[in-house]
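Q: Take this structure first; my questions come after.
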């Protein structure tokens, strides 16, 4: 028994050293591409480019602002807008203080403070996947300060997720700390190709997508786990408020999305928000901004022209 415990402890220590080294190397190879702003005592990493009305991008679960940059949607948007994209708390190079439960509403409040710091008032918000929940919370909390919301591939209703048992454990108190510094990144790296294939299907996975070891750093795994754990209770509670959305709304979804089925989420939300526009993208999967970045910009322009 003692030998088994010693071997297990040695293996965990070895895994922790390996994870730390790979995380450090990933940060050296892929340093921050943008700037930093402090809002509400939280240091956030962001990019800011272009001129015009503010168009703010909010990424999804397990991603970073680089996802939008590599899809080309930031470059397309910057032709007509001041484009701003943040690493959400705990992702990329943004902080995620443990004293705050980082619900979509808490993140919306933080985003508002950051935008005020940057002088980017009354933005158009573009959320992708989990980021849509932040955009919806912003629109509900600050309707007078929101020009409109573009919701892409969002998950809006309570749904049992098959990936939750893998995503949540790194956020469990105490044991999660051990897992995310040792075993969880290794499991995540082994499953990385399959996960990306599911997200991007039916299109191929871009060769220069997010570096695996940057996405699998312990701090980011904690953020993913916490948000995966709160998704079911959050959507169960907030779905009752969707009909109160008063700002111009465009809902974009790929018809071939097999990660978040559009009929159960995007089309259903369109039915609840009477003034919304539903823009299906034929043949696109969950990463609709990679398959058709112009669809998100077209939706933003449509909202920009809507009556104030």
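Read-outs throughout are calculated quantities, based only on the coordinates presented, and are distinct from any laboratory measurement. The structure presented is a predicted model; accordingly, all values stated were derived computationally and were not measured. All Cβ positions, even for glycine, are placed from backbone atoms using ideal geometry, and neighbour counts span all protein chains on display.
Residue-wise test of (1) within 14 Å of the chain's Cα centre (by Cα); (2) more than 11 Å from residue 44 (Cα to Cα).
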site: 87; (1), (2): yes, no
site: 90; (1), (2): yes, no
site: 95; (1), (2): no, no
site: 100; (1), (2): no, yes
site: 107; (1), (2): yes, yes
site: 122; (1), (2): no, yes
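Q: A follow-up question, please. Any idea how many residues of segment 34-48 are exposed (fewer than 14 other Cβ atoms within 10 Å of the Cβ) and in contact with a helix residue (DSSP H, G or I) (Cβ under 9 Å, 6 or more places away or on another chain)?
A: 1
Q: Does residue 252 satisfy the criteria of being touching a strand residue (DSSP E or B) at 6+ places or on another chain (Cβ under 9 Å), assigned to a loop (DSSP other than H, G, I, E, B) and buried (at least 21 other Cβ atoms within 10 Å of the Cβ)? Step through it out loud before you land on a result.
A: Numbers: touching a strand residue (DSSP E or B) at 6+ places or on another chain (Cβ under 9 Å): yes; assigned to a loop (DSSP other than H, G, I, E, B): no; buried (at least 21 other Cβ atoms within 10 Å of the Cβ): yes.
Considered against the rule, which asks whether it is touching a strand residue (DSSP E or B) at 6+ places or on another chain (Cβ under 9 Å), assigned to a loop (DSSP other than H, G, I, E, B) and buried (at least 21 other Cβ atoms within 10 Å of the Cβ), residue 252 comes out as no.
Q: Got a number for residues in segment 278-306 being closer than 19 Å to residue 148 by Cα, in contact (Cβ under 8 Å) with a residue 12 or more places away in the chain and assigned to a loop (DSSP other than H, G, I, E, B)?
A: 1
Q: Can you pull out the residues in segment 103-132 that are in a loop (DSSP other than H, G, I, E, B) and closer than 13 Å to residue 56 by Cβ?
A: Matches in segment 103-132: 118, 119, 120, 121, 122, 123.
Q: I need the full set of residues from segment 152-175 which are touching a helix residue (DSSP H, G or I) at 6+ places or on another chain (Cβ under 6 Å), outside any loop (DSSP other than H, G, I, E, B) and closer than 21 Å to residue 201 by Cβ, in order please.
A: Matches in segment 152-175: 152, 164, 167.
Q: If you check 60, 52, 92, which single one turns out to be buried (at least 24 other Cβ atoms within 10 Å of the Cβ), on the phi > 0 side of the Ramachandran plot, in a loop (DSSP other than H, G, I, E, B) and in contact with a strand residue (DSSP E or B) (Cβ under 8 Å, 6 or more places away or on another chain)?
A: Testing whether each residue is buried (at least 24 other Cβ atoms within 10 Å of the Cβ), on the phi > 0 side of the Ramachandran plot, in a loop (DSSP other than H, G, I, E, B) and in contact with a strand residue (DSSP E or B) (Cβ under 8 Å, 6 or more places away or on another chain) leaves just 92.
Q: Looking at (1) surrounded by fewer than 19 Cβ atoms within 10 Å (Cβ to Cβ); (2) out of contact with any strand residue (DSSP E or B) (no Cβ under 8 Å at 6 or more places or on another chain); (3) under 30 Å from residue 237 (Cα atoms), can you tell me which one residue 72 breaks?
A: (3)
Q: Name the residues in segment 120-154 that are more than 28 Å from residue 263 (Cβ to Cβ) and in contact with a strand residue (DSSP E or B) (Cβ under 9 Å, 6 or more places away or on another chain), would you?
A: Result: 120, 121, 122, 123, 147.
Q: Run down 140, 166, 210 and say which single residue is buried (at least 17 other Cβ atoms within 10 Å of the Cβ) and without any contact (Cβ under 8 Å) to a residue 40 or more places away in the chain.
A: When all the criteria are applied, what remains is 166.
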